[in-house]
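One structure below.
The values are calculated or read from the model by the stated rules, or taken from the named source; none is laboratory data. It should be emphasised that the depicted structure is a prediction, and the values quoted were computed from it without experimental measurement. Every residue, glycine as well, gets a Cβ built from its backbone with ideal geometry; the counts of neighbours run over all protein chains shown.
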Amino acid sequence: MIVEARTTISGAKSAIWATITDIANAASIIRGIERIEIVGTPDQGLVGLKWRETRMLFGKPVAVEKWITQAVENEFYETRAESDGFVFVTTMRLSQADDGVTLTSSHDSRPQGFVATLQAIPMKLLFKGVIRKAILEDLRDIKATVEHGAA
């Protein structure tokens with residue numbers, strides 16, 4: 001199941017890139033993130049950066065380990081997480097627009113195996129809107145940080 005949302009930000013690509021790749025401080029940028037713990041850093045660049053991200057989901061804190069699998073500076077990065085029989089791939093992509101820079105966040109939930117495939121059926125029906133709303137809230141917080149210096 002792929003869920004995508006986007007927003008246009010008034011600012012330089014480099015400023016937006018700096019904000020979305022400041023993983024260590026993401027909890028102070030994005031209100032939906034409770035805590036970030038860096039668990040691995042690459043020798044250079046972003047690929048291989050690994051962290052534990054805690055968010056409140058349905059009233060309970062849920063932590064998942066994420067890591068960056070691909071990145072092209074000022075263009076995109078992709079993360080991967082694995083939990084409960086699913087692989088979650090998230091892509092943050094920047095593209096120039098007439099009125100600023102469009103930041104697109106795409107979240108792909110990929111079931112692994114029969115049980116997870118069955119679990120994915122209600123996810124498509126019940127949770128797609130919830131996930132999209134959460135992505136939009138994250139994007140709004142990023143936009144506020146870039147445009148106004150605070151989320």
- If you go through region 14-32 one residue at a time, how many are buried (at least 17 other Cβ atoms within 10 Å of the Cβ) and not in a helix (DSSP H, G or I)? 2
- Task: Sort through VAL47, VAL3 and tell me the only one that's part of a loop (DSSP other than H, G, I, E, B), in contact (Cβ under 8 Å) with a residue 24 or more places away in the chain and over 16 Å from LYS143 (Cα atoms).
- Result: VAL47
- Message: Checking ASP98 against (1) farther than 27 Å from GLY11 by Cβ; (2) modelled with pLDDT under 95; (3) among the acidic types (Asp, Glu), only one condition comes out false. Which one?
- Response: (1)
- Task: Assess whether LEU103 counts as being surrounded by fewer than 16 Cβ atoms within 10 Å (Cβ to Cβ), under 15 Å from ILE30 (Cα atoms), of a type outside the set (Phe, Trp, Tyr) and at pLDDT 70 or above.
- Result: no
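Yes or no, residue by residue, for (1) of a type in the set (A, V, I, L, M); (2) in contact with a helix residue (DSSP H, G or I) (Cβ under 8 Å, 6 or more places away or on another chain); (3) surrounded by fewer than 16 Cβ atoms within 10 Å (Cβ to Cβ):
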{"residue": "ILE36", "(1), (2), (3)": "yes, yes, no"}
{"residue": "VAL47", "(1), (2), (3)": "yes, no, yes"}
{"residue": "GLN70", "(1), (2), (3)": "no, no, yes"}
{"residue": "ASP99", "(1), (2), (3)": "no, no, yes"}
{"residue": "SER109", "(1), (2), (3)": "no, yes, no"}
